[in-house]
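One structure is given here, and the rest of the page talks about it.
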Amino acid sequence: VSLVKNGAEMIIGAVKQIGAVVMDFRDAADDQADAIDGVNLQLKNMGIYTDELSQQLQDHAKALEQVTNYSDQAILEGDKMLLTFENLSGEIMPRATEAMLDMSAVIGTDLTSSAQTIGKALQDPINGLGLLSKQGFAFTEQQKAMIKKFVEQNDIMSAQNIILDELNTAY
C-alpha cells in the first residue's frame, strides 16, 4: 500500500511540475504577443505600420537575442519605447536598437531607460548632444558643427547617424 501511495504521490508531483512548465510557457507566449502588439500599436500611431516593417523588427529582435543577454521580448519592449520618438525612421531603428542594447549592457541600465536616453538624443540631435555629454560622451567640435549643419538643412538622419556612430564607438 505504501508503494502505491508513494508512486501516486510521485505521479501527482510530476503532473504538477508539468502543469507549472505549461503555465510558464503560456505566460511567456502571452508576454511575447503583448510586446509585438505594443510595437505594432506604436507603428500604427506613427502611421508607418506595415506587416513587413513589423516582421523586420521582430526578426531583428530575434537575431539580437542570439548575440546578447536580452530576450527578443525585452528588445521589442525597448523598440516600443524608441518608437515613441517620431524622428526615428525605419532606417535608423536597427542602429538605435543596437545602441540601446549596448548602452544597457555597458552601464547597467534597463532597456527602457536606455531607449529613452537614445530616443531623446535622436529626436532632437542638437539638444541630444548635451544630454549625452552629461552622461560622459564627448563629441568633437567638428561633430557638433556637422550635427548642427545637418539639422539646419533638415537632414535629421545624417545628424542621428553621427550620434549613433559615437555611441557605437563608445560601446
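Couple of notes before you dig in:
- Conditions (1) under 21 Å from the mean Cα position of the chain (by Cα); (2) surrounded by fewer than 17 Cβ atoms within 10 Å (Cβ to Cβ); (3) of a type in the set (G, A, S): number failed by G136: (1)
- Residue satisfying condition, being in a helix (DSSP H, G or I), out of contact with any strand residue (DSSP E or B) (no Cβ under 9 Å at 6 or more places or on another chain) and of a type in the set (S, T, N, Q), within set T84, T109, T97: T97
- Only listed residue being basic (K, R) and either under 21 Å from I156 (Cα atoms) or not in a helix (DSSP H, G or I) (or both), chosen from K120, K44: K120
- For region 140-150, the criterion of a residue being among the polar types (S, T, N, Q), surrounded by 13 or more Cβ atoms within 10 Å (Cβ to Cβ) and in a helix (DSSP H, G or I) is satisfied by at least one position.
Coordinate-derived values only; no laboratory data. Here the structure is a predicted model, which is why all the values come from computation and not from measurement. Cβ sites come from the backbone with ideal geometry, for glycine too, and all protein chains shown count toward neighbours.
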